[in-house]
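In what follows, a single structure is set out as structure tokens and then discussed.
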Amino acid sequence: MPRKYLWGVILLLLIVNIFTIMMCVNEKDQVEVQNISGTKNGVNEKEPVAEIDGDEIEYKTWVNELLNEHGKQTLREMINHEVVFQLAEENNIEVEDKTINREIARLMTLEDVLTKEEREEKREKWEEEIRYRFYLEQLLTEDIEVSDAELEDYFAEYERQYNFTEMFQLSHIVVNSESQAQLALEALEEGASFQEVSREYSTDEDTRDSGGYLGFYTDTSSFLSDEYFVQVKELKEETYSDPFSVGNSQVIVYLHQNLPEITFTFEEAYEEVRRDVALDKLEQNVDPSLLWEQYEIDWIYED
């Protein structure tokens, strides 16, 4: 697998999970902490943030620890983002929606079951980081010369990495008889969740405790019967099938998501292929701080 693709996935996952804090103070001296899930009513800087059997952890102690451990890296990443996005705008660099959709689909296959709201939140976050990565690659490789022959050879060898194969995110209920399948179906129709019914009725020990969750599969997978894909291709997302036979078992399958196929011709992938080949020729690591010299940057830390 090419170096660029591995680096891209690793960088994207790291940046998406960077611990960032944004704070603002309102008229009641209440500090609202954004983007930290699970906090209750914000954080008041005059009150302890935790209490352990009478021992308190003060707000200032907590913030100082965060700044000492994460402050420099977080600020560096914020500067990197600002520099890269400004340079991309100045140089009219764009990323096609089709490319963004492919990258989001790849990331989505790494996730468990998400609600539509959770998927949308992740999509918005991922889209910014995908643009950041592609802008950065373009900016760092724009002066590296590559021939069309090199690009054609590279695309011919690695064409699959530019495409995304249709994938289905599935759960199932497996039972031993038609009568058990009918009981499971009736429970679903009465409003029980698919996970609950799977835990109660399914005989598949590998997935029963997880509510029947299977994961993401292509329709060429050898791990599932072809009949699964005959059924799911007729389903809308977040719906389940009627019972169907697989060997001696009866199965009800649930479609969480259908991620459609995305393919690129050489012409469509040309700029991305050029970046990939150029990245392999890059003599230094992919480092956004190399772009800092194009702006006057003053920050609180020593270099």
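Some notes on this structure:
- Dipole magnitude for segment 167-259: about 180 debye, using +1 per Lys or Arg Cβ and -1 per Asp or Glu Cβ, origin at the Cα centre.
- Estimated from helical segments only, the mean residue ellipticity of the chain at 222 nm is -14000 deg cm²/dmol, where each DSSP H run of four or more residues counts as -39500 (n - 2.57).
- Range of Cα positions in segment 86-171 per principal axis (Å), largest first: 48, 34, 16
- Rg of the Cα atoms in segment 129-191, relative to 2.2 N^0.38 Å, amounts to 2.34.
- Computed from the Cα positions only, the extents of segment 39-188 along the three principal axes stand at 69, 62, 22 Å, in decreasing order.
- Segment 167-259: proportion of alpha-carbon pairs further apart than 18 angstrom, %: 36
- Highest-first arrangement of 294-302, 94-102, 164-172, where packing means the average Cβ count within 10 Å: 164-172, 94-102, 294-302
- Farthest towards the positive end of the charge dipole of the chain, among the residues 231, 84, 164, is the Cα of 231, using unit charges on the Cβ of Lys, Arg, Asp and Glu.
- Treating each Cα of the chain as one equal point scatterer and applying the Debye formula with no solvent, the log10 of I(q)/I(0) at q = 0.15, 0.16 Å⁻¹ comes out as -1.15, -1.20.
- Using Cβ point charges alone (K and R +1, D and E -1), the dipole size of the chain about the Cα centre works out to roughly 520 debye.
- Computed over the chain: relative contact order in percent, which uses C-alpha pairs under 8 Å that are six or more apart: 19
- Extreme residue, positive dipole direction of the chain, given options 203, 282, 95 (C-beta unit charges): 203
- Radius, Kirkwood style, for segment 144-303 when every pair of distinct Cα atoms is counted (Å): 19.7
Here, each number is a calculation from the coordinates, and none is a lab measurement. As the structure is a prediction and not an experimental result, all values here were calculated from the model. For neighbour counting, all protein chains shown are included, and Cβ atoms are generated from backbone atoms with ideal geometry for every residue, glycine included.
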